[in-house]
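The next block holds one structure in the form of structure tokens; read it before the comments.
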Amino acid sequence: MSIATTLAVFAAGECPPAWADSGPFTTQQADAGHTLFNNNCAQCHRPDLSGAQGPALTGDQFKAKWGDKTVAELRSYIHENMPKTAPHTLADDKLDPIVAWILQKNGEQGGDKPLTKDSAESAKVAK
Ligand code: HEC
């Protein structure tokens, strides 16, 4: 398929091309978030995010609740409420990688731009 055809199909609202699956974060960020998640969140949400004391952060229920929201909304929810025992303690340098890890565990691929407070505004949690 030529680039022009690819763009035309994408514009028509059909299946986006593979490169459009890249999430609003880098793989490096998600890797850092993996460690931070295990240290700050996994005791209640499990290392695989399947949920325990806190709800699952992957799967259908999570997507139904958060999929249409912006990454910024998820990010600020986490800042305001999590970790449940110590809300407001995560600074941006930890928050962004943790959110990147959650997005990656929900099937998104790392892209070429890191997640920031600003870029989170224009990204949806699920596509
Ligand atoms: C001490 C246990 C605990 C820890 C640690 C914890 N959480 Fe939670 N989390 C919960 C509980 C319980 C809820 C359900 C909402 C509530 O009770 O506030 C929740 C809810 C959530 C939700 C909303 C889920 C939904 O279905 O809407 C997200 C997102 C989340 N936590 C992310 C995190 C992240 C990220 C961390 C680490 C920075 C973290 N949590 C650490 C217990 C915890």
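The values are calculated or read from the model by the stated rules, or taken from the named source; none is laboratory data. Because the structure is predicted, anything quoted here is derived from the model rather than measured. Just so you know, the surface numbers come from the protein's heavy atoms only, side chains and all, with ligands and any DNA or RNA stripped out. Shrake-Rupley method; radii C 1.70, N 1.55, O 1.52, S 1.80 Å.
Here are the numbers for the structure shown:
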read-out	value
Per-residue SASA entry for His34, accessible area with 1.4 Å probe, Å² rounded to 10	70 Å²
Pairs beyond 21 Å (Cα-Cα), from Lys65/Lys105; Lys84/Lys113; Lys65/Lys113; Lys63/Lys124; Lys65/Lys94; Lys63/Lys105	Lys84/Lys113; Lys65/Lys113; Lys65/Lys94
Spherically averaged projected area in nm², based on the convex hull that wraps the Cα atoms of the stretch 20-122	5.8 nm²
Heavy-atom accessible surface of the stretch 20-122: percent carbon and sulfur, 1.4 Å	48 percent
Relative contact order %, the stretch 20-122, counting alpha carbon pairs below 8 Å whose residues are six or more apart	48 percent
Fully extended contour minus Cα-Cα distance, from Asp93 to Tyr77, at 0.36 nm per residue	4.2 nm
